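First comes the structure, then the notes that go with it.
The values are calculated or read from the model by the stated rules, or taken from the named source; none is laboratory data. Worth saying up front: this structure is predicted, and the values here are computed from it rather than measured. Please note: Cβ atoms are built from the backbone with ideal geometry, for glycine as well, and neighbour counts cover all protein chains shown. SASA here: full protein model, heavy atoms, side chains in, ligands and nucleic acids out. Shrake-Rupley method; radii C 1.70, N 1.55, O 1.52, S 1.80 Å.
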Amino acid sequence: MSTRSKWPQRVYADGVEPDYRFSFANERTFLAWIRTALAMLAAGVALDVVDLSIDDALQTIGAYLLVLVSLLCVVTAWVRWAASERAMRRSAALPGFGFSIVICLLLGVIATAMAIALWPHG
Amino acid sequence: MDDSGLAGERTALAWMRTALSALAAAAILARLTIHDLGPGAFVALGIAVVLTACIFVDIRHSGSPSRRGPERRAMALCLVVATMIVTEFAALVAGSP
């Protein structure tokens, strides 16, 4: 594989081609993030469409938040794939993942709100 | 670490289940948003079908995705899912007032 793509520049501009197994593992991690994004989107659609015994406004807010989480997962998938591929090409450390706290907090808030709202009354 | 040379096959399988999941999600999304969005509901489904077909063609010959273009197929999948997200967002906006 001597001819390498020039895009994205930030990934492929320099460095050497890593063992293809590492590149494929990076790609499978990217796909796992995309499947996570799809699951979040499905949950958002469910909240939008299914009629639950809770306040409609709360359902709509939950749907918007889950769609936001889905978008964050898509961005995370791409950014981490690119950053990891770049790091592997330069034999540098893989990117840290402090940003994950944002997704964790959002999901925690949504799950807690749903648990409270769905708790049986009387 | 996988030494048996099957990393390509594992990656191909991961692509197929991801592409098929995206296709199923886009189909359900189209069915559920057609009321609020009309024909716009099918844009995401259309490009999901095209992407899935391209992935299958890419894998069919060698059993692995081509090693030379992960960035292209990764960005294509990001755009497909982003389109689905925009579709649902539009449906939420259209459905509320």
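Listed values, structure above:
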| item | result |
| --- | --- |
| Selection status of A:SER70, at the interface with chain B (Cβ under 9 Å from one of its Cβ atoms) and of a type in the set (S, T, N, Q) | yes |
| Selection from segment B:27-71 of residues that are hydrophobic (A, V, I, L, M, F, W, C), open to solvent by less than 50 Å² (accessible area, probe 1.4 Å) and over 21 Å from B:MET84 (Cα atoms) | B:ILE59 |
| Segment B:41-63 - residue that is among the small types (Gly, Ala, Ser) and at pLDDT 90 or above and, of those, nearest to B:GLY8 (Cα to Cα) | B:ALA53 |
| One residue from B:GLY46, B:GLY38 being within 27 Å of A:VAL79 (Cα to Cα) and either more than 9 Å from chain A (Cβ to nearest Cβ) or in contact with a strand residue (DSSP E or B) (Cβ under 8 Å, 6 or more places away or on another chain) (or both) | B:GLY46 |
| Given (1) within 12 Å of chain B (Cβ to nearest Cβ); (2) buried (at least 16 other Cβ atoms within 10 Å of the Cβ); (3) more than 21 Å from B:LEU23 (Cβ to Cβ), index of the condition A:ASP56 fails | (2) |
| Members of segment A:1-49 that are open to solvent by less than 50 Å² (accessible area, probe 1.4 Å) and among the polar types (S, T, N, Q) | A:SER5, A:SER23, A:ASN26 |
